[in-house]
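Visitor: Please see the structure below; I have some questions.
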Amino acid sequence: MIEVAGLKKDYKSGKEVVPVLKGVDLSIEEGEFVCIIGPSGSGKTTLLHLLGGLDTPSSGTIKMKGTELTSKSEKERTILRRKEIGFVFQNYQLLPTLTVYENIVFPLHADGKKASHDEVQMLLDAVDLKGYDHRFPYELSGGQQQRVAIARALIHKPSILLADEPTGNLDRQRRGDILEWLAKFHAEREQTIVMV
Ligand code: ADP
Ligand code: MG
């Protein structure tokens, strides 16, 4: 699914060049559930953003289903990302003025596609939020918002789900729940998942 070779990423801070990724090699098979572990500031988010085509590396290559991501233009990467990748951000990043339903179908609309009502209901059911369609994010708990974010990341049936500390700001109970949802999607849909 993903082949990473010699991946390097430097950030520039004033005149200083800060190396963050110093040659990462990584191979992710279809259907794998991979966890990336490391201390704060070690470059986990940087790596996930590169895998998702949200940023470009300083050097090295990222192949996704055989397609070289790094040789693509920003526009081509956006198209590929919308089709192949689901991203769950650490702090949900739901759109506050949209309902749960509207948040979930947003990626499809952004891509000019129509959402299947049944698919949305199935996802709502899968993350245990049936009947929450018309609620707004502020009417939900943190765990519920994160489940909406997971449903949103899965609506377009991505080849790969990238999740950046999806349980980062949840309590222990909710943390366990979210991990169970992800394990369920991995088992039932053979969803490939990379989680920080
Ligand atoms: P992690 O997710 O493992 O906590 P990050 O990938 O967010 O780590 O950050 C890795 C390092 O890169 C940190 O030292 C951070 O300060 C630095 N960094 C991240 N993003 C930028 C940026 N846009 N510009 C400059 N430095 C950055
Ligand atoms: Mg991070």
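Visitor: Let me make sure I get this right: for the range 1-85, a, b and c are the square roots of the gyration tensor eigenvalues over alpha carbons, sorted descending. Under 1.5 in a/c it's rounded, otherwise prolate if a/b > b/c, else oblate. Which is it?
Guide: Verdict is oblate for the range 1-85.
Visitor: Moving to a separate point now. Determine the relative contact order of the range 113-190: mean sequence separation of Cα pairs under 8 Å and six or more apart, normalised by residue count, in whole percent.
Guide: 27
Visitor: Applying 1/(1 + (r/R0)^6) with R0 = 22 Å to the Cβ-Cβ distance of Leu54 and Ala183, what FRET efficiency is obtained, to the nearest 0.05?
Guide: About 0.30, to the nearest 0.05.
Visitor: For the chain, with a Gaussian network of springs between Cα atoms less than 10 Å apart, report the residue from Asp118, Asp25, Asp128 with the top mean-square fluctuation.
Guide: Asp118
Visitor: Have a look at the DSSP beta bridges in the chain and tell me what percent are antiparallel, nearest 5.
Guide: Counting DSSP beta bridges with both partners in the chain, the antiparallel share is about 60 percent.
Visitor: If Lys and Arg each add +1 and Asp and Glu each add -1, what is the summed charge of the other residues whose beta carbon sits under 11 Å from the beta carbon of His156?
Guide: Every neighbour counted, the sum reads +3.
Visitor: Can you tell me which of Ile36, Ile85, Ile104 moves the most in a GNM of the chain? Springs connect C-alpha atoms under 10 Å apart.
Guide: Ile36
Visitor: Quote the Stokes-Einstein diffusion coefficient, in whole µm² s⁻¹, for the range 51-117, based on the Kirkwood radius over alpha carbon pairs, a temperature of 4 °C and a viscosity of 1.567 mPa s.
Guide: It diffuses with D of about 94 µm²/s by this estimate.
Visitor: Take the solvent-accessible surface of the protein heavy atoms, probe 1.4 Å, and return the percent of it on the range 8-47 that carbon and sulfur atoms account for.
Guide: 51
Visitor: If you place +1 on the Cβ of every Lys and Arg and -1 on the Cβ of every Asp and Glu, how big does the dipole about the Cα centre of the range 1-90 come out, in debye to the nearest 20?
Guide: Around 360 debye, computed over the range 1-90.
Visitor: Okay, moving on. With every protein chain left in place, what is the accessible area per residue of the range 14-77 in square angstrom, probe 1.4 Å?
Guide: Ligands and nucleic acids excluded, the figure is 60 Å² per residue.
Visitor: Quick check: net charge around Leu98, other residues with Cβ under 14 Å of its Cβ, Lys/Arg +1 and Asp/Glu -1?
Guide: Local net charge: -1.
Visitor: How much of the calculated P(r) for the chain lies past 22 Å, in percent of all Cα pairs?
Guide: So the portion of pairs separated by more than 22 Å is 49 percent.
Visitor: If you don't mind, another one. For a quick check, take a GNM of the chain with Cα springs below 10 Å and name the residue from Gln173, Gln121, Gln146 with the largest mean-square fluctuation.
Guide: Looking only at Gln173, Gln121, Gln146, the largest GNM fluctuation is found for Gln173.
Visitor: Now for a different question. When the accessible area of the range 91-196 is computed with all protein chains present and a 1.4 Å probe, what percentage of it is carbon and sulfur?
Guide: 49
Visitor: Next question, about the same structure. Among Lys83/Lys113; Lys9/Lys184; Lys12/Lys83; Lys9/Lys157; Lys9/Lys72, which pairs are too far apart, with a Cα-Cα distance over 23 Å?
Guide: Lys9/Lys184; Lys12/Lys83; Lys9/Lys157, as the Cα separations exceed 23 Å there.
Visitor: Hey, got the dipole for the chain? About the Cα centre, +1 on K and R Cβ, -1 on D and E Cβ, debye to the nearest 20?
Guide: 520
Visitor: Where only protein heavy atoms count, and the probe is 1.4 Å, what is the accessible area per residue for the range 100-148 in Å²?
Guide: Accessible area per residue: 52 Å².
Visitor: Return a whole-number percent for the relative contact order of the chain, with Cα pairs under 8 Å and 6 or more residues apart as the contact set.
Guide: Relative CO of the chain lands at 25 percent.
The values are calculated or read from the model by the stated rules, or taken from the named source; none is laboratory data. This structure is a prediction, so every number in the text was calculated from the model and none was measured. Note that each Cβ is placed from the backbone with ideal geometry, even for glycine, and that neighbours are counted across all protein chains shown. Accessible surface is based on the protein model in full, side chains and every heavy atom, while ligands, DNA and RNA are left aside. Shrake-Rupley method; radii C 1.70, N 1.55, O 1.52, S 1.80 Å.
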